[in-house]
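I have placed the structure first, in the form of structure tokens, so that the comments after it can refer back to it.
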Amino acid sequence: MNILVLNAGSSSQKSCLYALKQNVLPSQPPEPLWEAQIDWTHQQGVAELKVKTTTGVVLKDELSSVSRVNLTLQMLETLWSRETQVLEKPQQIDIVGHRVVHGGEKFRSSTLVTPEVKAAIASLTELAPAHNPANLEGMEVVEQILGTELPQVAVFDTAFHTQMPLAAATYPGPYEWLNKGIRRYGFHGISHQYCAQQAAQLLGRELKHLRLITCHLGNGCSLAAIREGYSVDTTMGFTPLEGLMMGTRSGSVDPGILIHLMRQDNYTADELDQVLNKASGLKGISGISADMRQIMTALTEGNSRARLALEIYIHRLRSGIGAMLASLGGLDALIFTAGIGENSSDVRAAACESFEFLGLKLDPQKNIRSPEDRDIATANSKVRVLVIHTQEDWAIAQECWHLLHSN
Ligand code: ADP
């Protein structure tokens, strides 16, 4: 069974193909047979294509087209043509899964794509202007190649958080906000849910008996408080801007600052959007980079703004974990995932330090090795600490498999 996964970003389109033997879902994530990425941020009118296969073939190309649909089509063609070919023909694809960033209140779980579902995703564009249209384009490309009969599945980044208690999901503004759809949606849900499931497997315990905090620390950062397998609180909100400090995003700031900037400096909505989403966070404070590795390097060279950036990052992370802890009322495991969470032993150690009063003890030797899918707490720690390699694409592929087999 061949499952194609499409993960569309605002300036990139990632994709991979999983080939499952005898239709069986393996218990651990397999390597994709083919992986591709197309990036159109670097040069106007030129997109960079990178493709690799499990057999070790790597293809790099520059494509000139301004149409995202056409670029995605060219990317997918490398599945059945050129040196990266892994399929004889596109018809060998059995199902396609799409990561859809915003499912609003409507989509509480993954769903087969129908004309109605597409219309509903389009109607949510206002909430995710850079992402939802890109997802719809991906669905269109697949329809162009394989027709409307091939099953396509929408897997939502918001779905995991839709069961959050109303008190956690509602902003204390006027009540009418709720009717307008202004509420906490939360994001990174595919990753938080996947990590929770992996954690239960690793710990050999049932998800319904666990209280977990998952720390997804990549370019975007968010936390989730997970009780009995459900997200009961999360740091991202109406948009992915709320919560922790991130690579280029500020995370939560006093909304009064925005009013001040509008009144004093005549900031427009677009300027506020730009400053909060692109010129803040690690990049904004350090003035160096949004990349944690570069912050760490600058810090060891004595750069004081890099030090401040890291200190704010840790302060915010600890506060966020504290808030999630309060929502859970206890903790069985703290989980670190994504680029920073999986690789930065310094960030993990600093975050954990504040929670030693819980009896949480990190094993420094295990932590420094940044092992994948392992427990890095000491044997006598009262709280387990796990590093889990997030595999959103595989989580989407699993959703496809389940949907196909439940019908
Ligand atoms: P995205 O959210 O775009 O998927 P990633 O999950 O790849 O991002 O995370 C990107 C972040 O991970 C960057 O800040 C990068 O610096 C950080 N990162 C990757 N490797 C390391 C490392 N070895 N040490 C510290 N940070 C790392």
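The values are calculated or read from the model by the stated rules, or taken from the named source; none is laboratory data. These figures come from a predicted structure and were not determined experimentally. FYI the Cβ positions are ideal-geometry reconstructions off the backbone, even for glycines, and counts take in every protein chain you see.
Quick look at the values:
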{"item": "Qualifying position, being closer than 22 Å to SER319 by Cβ, at pLDDT 95 or above and within 14 Å of the ligand (Cβ to nearest atom), among ILE368, ILE340", "result": "ILE340"}
{"item": "Matching residues, the stretch 235-284, being of a type in the set (Ser, Thr, Tyr), under 23 Å from GLY173 (Cβ atoms) and within 16 Å of the ligand (Cβ to nearest atom)", "result": "THR235, THR239, SER250, SER280"}
{"item": "Hey, ALA200 farther than 26 Å from GLY97 by Cβ, more than 16 Å from the ligand (Cβ to nearest atom), small (Gly, Ala, Ser) and modelled with pLDDT of 95 or more or not", "result": "no"}
{"item": "Looking only at the stretch 262-291, and only at residues there that are more than 18 Å from GLY243 (Cα to Cα) and crowded, with 16+ Cβ neighbours inside 10 Å, the one that is farthest from the chain's Cα centre (by Cα)", "result": "TYR267"}
{"item": "Whichever residue in the stretch 285-309 is touching a residue at least 24 places away in the same chain (Cβ under 8 Å) and outside any loop (DSSP other than H, G, I, E, B) and, among such residues, is farthest from the ligand (Cβ to nearest atom)", "result": "ILE285"}
{"item": "Filter result for ILE340 (in contact with a Leu (Cβ under 6 Å, 6 or more places away or on another chain) and either outside any helix (DSSP H, G or I) or touching a residue at least 12 places away in the same chain (Cβ under 8 Å) (or both))", "result": "yes"}
{"item": "Residues of the stretch 343-373 that turn out to be surrounded by 15 or more Cβ atoms within 10 Å (Cβ to Cβ) and under 28 Å from THR300 (Cβ atoms), as a count", "result": "19"}
{"item": "Every pair of residues 6+ apart whose Cβ atoms lie under 9 Å, when the first sits in the stretch 120-139 and is over 12 Å from ALA8 (Cα atoms) while the second is surrounded by 23 or more Cβ atoms within 10 Å (Cβ to Cβ) and of a type in the set (Gly, Ala, Ser)", "result": "ALA120/GLY103; ILE121/GLY103; ILE121/ALA154; LEU124/GLY103"}
{"item": "Given (1) surrounded by fewer than 21 Cβ atoms within 10 Å (Cβ to Cβ); (2) under 30 Å from VAL24 (Cα atoms); (3) hydrophobic (A, V, I, L, M, F, W, C), number of the condition ALA379 does not satisfy", "result": "(2)"}
